1. Could you tell me which residue of segment 33-82 is surrounded by the most Cβ atoms within 10 Å (Cβ to Cβ), considering only residues that are in contact with a Gly (Cβ under 8 Å, 6 or more places away or on another chain) and not in a strand (DSSP E or B)?
2. Conditions first: (1) more than 14 Å from the chain's Cα centre (by Cα); (2) at pLDDT 95 or above; (3) of a type in the set (A, V, I, L, M, F, W, C). A17 passes all but one, so which condition is the exception?
3. Go through segment 36-58 and give me each residue that's modelled with pLDDT under 95, in contact with a strand residue (DSSP E or B) (Cβ under 8 Å, 6 or more places away or on another chain) and of a type in the set (A, V, I, L, M).
4. Of all residues in segment 97-113 being of a type in the set (S, T, N, Q) and under 16 Å from L158 (Cβ atoms), which is surrounded by the most Cβ atoms within 10 Å (Cβ to Cβ)?
5. Within segment 82-92, is even one residue more than 24 Å from T146 (Cα to Cα) and under 14 Å from the mean Cα position of the chain (by Cα)?
6. Looking at (1) closer than 18 Å to M28 by Cα; (2) open to solvent by 10 Å² or more (accessible area, probe 1.4 Å), can you tell me which one I148 breaks?
7. Consider A140 carefully, then state whether it is within 20 Å of M52 (Cα to Cα), touching a Gly at 6+ places or on another chain (Cβ under 8 Å) and crowded, with 17+ Cβ neighbours inside 10 Å.
8. Given the conditions (1) crowded, with 21+ Cβ neighbours inside 10 Å; (2) farther than 18 Å from F167 by Cβ, report the number of the one that L88 does not fulfil.
Amino acid sequence: MRRRLIPSFILCMITLAGCSPTLNWREMRLASTPLKLMLPCKPDQGSRKMPMAGTEVDMHMSGCEAGGALFAIAWVEVKEAGQTGIALAQWQSAMLANMQATTTQVADFSPKGATEPPKGVRLTATGRQQDGRAVLAQGAWFVRGTQIFHAVIYADKLNPDAAEAFFSGLEFQ
């Protein structure tokens, strides 16, 4: 009897493992910011220096890949609130230029607790990856005080439900 249970148990465990969701949403808070977000996988984190609004800033990033898409959030802090509009526009232009975007749809975007001006923006763009393959991106830029945030999804095909969960999960606490 015991010999029959072991193969049955193993088969059951393999079946359950196959049922695990592709997008395993989890709440995350960005260090040194009041932003709460949802990511569909455990993120990697990093930072680097980059020029923005006439100065060099530290860009902090968290992101992961799940369901054929890359989900990422990045943020920088500028010295003065008056620099946020310029920095936000530069960051948006840099992403579109980097992916050689050919088409965009743009709408206002303001997660709960974001500050204005400048007004946040969410866009959809079609472009190219570094290796020349086509890529779709859905990104948002928004501000809280002197901190500027960029949330983005890159994929061959965007999943509307995943995009809605990702962007609606952005909230300041």
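1. The qualifying residue surrounded by the most Cβ atoms within 10 Å (Cβ to Cβ) is P40.
2. So A17 meets the others, but not (2).
3. M50, M52, V57
4. The qualifying residue surrounded by the most Cβ atoms within 10 Å (Cβ to Cβ) is T104.
5. no
6. So the condition that I148 fails would be (2).
7. Working: within 20 Å of M52 (Cα to Cα): yes; touching a Gly at 6+ places or on another chain (Cβ under 8 Å): yes; crowded, with 17+ Cβ neighbours inside 10 Å: yes.
Yes, satisfied.
8. (2)
The values are calculated or read from the model by the stated rules, or taken from the named source; none is laboratory data. Being a predicted model, the structure only gives us computed values, none of them experimental. Counting neighbours? That spans all protein chains shown, and the Cβs are built from the backbone with ideal geometry, glycine included. Just so you know, the surface numbers come from the protein's heavy atoms only, side chains and all, with ligands and any DNA or RNA stripped out. Shrake-Rupley method; radii C 1.70, N 1.55, O 1.52, S 1.80 Å.
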